[in-house]
1. Picking from Ile82, Ile60, Ile16, which residue would you name as being surrounded by fewer than 15 Cβ atoms within 10 Å (Cβ to Cβ) and hydrophobic (A, V, I, L, M, F, W, C)?
2. Among (1) modelled with pLDDT of 80 or more; (2) part of a loop (DSSP other than H, G, I, E, B), where does Val114 come up short?
3. For the range 3-22, indicate whether the set of residues that are closer than 24 Å to Phe135 by Cβ and either assigned to a loop (DSSP other than H, G, I, E, B) or touching a residue at least 60 places away in the same chain (Cβ under 8 Å) (or both) is non-empty.
4. Residues of the range 69-79 being surrounded by 16 or more Cβ atoms within 10 Å (Cβ to Cβ) and not in a loop (DSSP other than H, G, I, E, B), which ones?
5. Those residues that are assigned to a loop (DSSP other than H, G, I, E, B) and under 13 Å from the mean Cα position of the chain (by Cα), I need them from the range 97-110; list them, please.
6. Is it fair to say Gly89 is among the small types (Gly, Ala, Ser), more than 16 Å from the chain's Cα centre (by Cα) and modelled with pLDDT under 95?
7. Restricting the search to the range 21-59, which residues are at pLDDT below 95, over 16 Å from Ile82 (Cβ atoms) and in contact with a Phe, Trp or Tyr (Cβ under 7 Å, 6 or more places away or on another chain)?
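The values are calculated or read from the model by the stated rules, or taken from the named source; none is laboratory data. Only a predicted model underlies this, so the values are computations on that prediction, with no experimental measurement involved. Please note: Cβ atoms are built from the backbone with ideal geometry, for glycine as well, and neighbour counts cover all protein chains shown.
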Amino acid sequence: MATDDKYSQKELEAMIRDVGLRCTSSRATVLAHLARASVPMSHADLAEALVPEGFDQATIYRNLSDLTDNGLLHRLDPGDHIWRFEFRGQDSHDEDHPHFMCDDCGEISCLAPVDITFGDDERTSPTVGEVNEIFLRGRCAHCA
């Protein structure tokens with residue numbers, strides 16, 4: 001959940017190379033766009049922003065897959081058959097946080113990080129297993 005210009009373009013390009021990918025202009029643009037986004041974005045959201053700049057939808061999709069497979073992006077699956085992607089950078093556990101999805105408009109919001117503990121271990125429970133993601137659903141303030 002990045003909301004500012006925390007990373008320079010050179011730093012983002014270095015992240016791409018550091019995970020063993022070739023740093024193409026489309027890959028760097030996709031990563032930069034998500035690094036500066038305040039909410040997770042779908043492929044359609046990115047295509048709407050980047051196709052007018054000359055990038056094609058298939059290339060955007062391949063870059064989302066490559067960047068996710070190499071840990072620079074996190075793919076959210078809220079159960080509505082539309083994947084959303086968010087920037088994770090190289091330290092994928094630094095910004096673990098829950099998300100909220102409005103059942104009416106489908107908007108997804110990032111929520112402040114929370115600590116959940118199951119006794120001695122923060123992420124596991126004998127009855128639940130390991131918690132990887134917290135997703136809340138309801139009606140957003142705009143739709144309520």
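1. On the way: Ile60 fails: surrounded by fewer than 15 Cβ atoms within 10 Å (Cβ to Cβ); Ile16 fails: surrounded by fewer than 15 Cβ atoms within 10 Å (Cβ to Cβ).
The conditions single out Ile82.
2. Val114 satisfies all of (1) modelled with pLDDT of 80 or more; (2) part of a loop (DSSP other than H, G, I, E, B) except (1).
3. First, the residues of the range 3-22 that are closer than 24 Å to Phe135 by Cβ: 3.
Remaining after also requiring either assigned to a loop (DSSP other than H, G, I, E, B) or touching a residue at least 60 places away in the same chain (Cβ under 8 Å) (or both): 3.
Yes, the conditions are met somewhere in the range 3-22.
4. At the first step, the residues of the range 69-79 found to be surrounded by 16 or more Cβ atoms within 10 Å (Cβ to Cβ) are 72-74, 76, 78.
Residues satisfying the conditions are Leu73, His74, Leu76.
5. Residues of the range 97-110 that are assigned to a loop (DSSP other than H, G, I, E, B), as a first pass: 97-98, 103-107.
Result: His97, Pro98.
6. Details: among the small types (Gly, Ala, Ser): yes; more than 16 Å from the chain's Cα centre (by Cα): no; modelled with pLDDT under 95: yes.
Here the answer is no, as Gly89 does not meet what is asked.
7. Matches in the range 21-59: Ala35 only.
Conditions tested, residue by residue: (1) closer than 26 Å to Met101 by Cα; (2) out of contact with any Cys (no Cβ under 8 Å at 6 or more places or on another chain).
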{"position": "Ile16", "(1), (2)": "no, no"}
{"position": "Ala28", "(1), (2)": "no, yes"}
{"position": "Ser38", "(1), (2)": "yes, no"}
{"position": "Ala49", "(1), (2)": "yes, yes"}
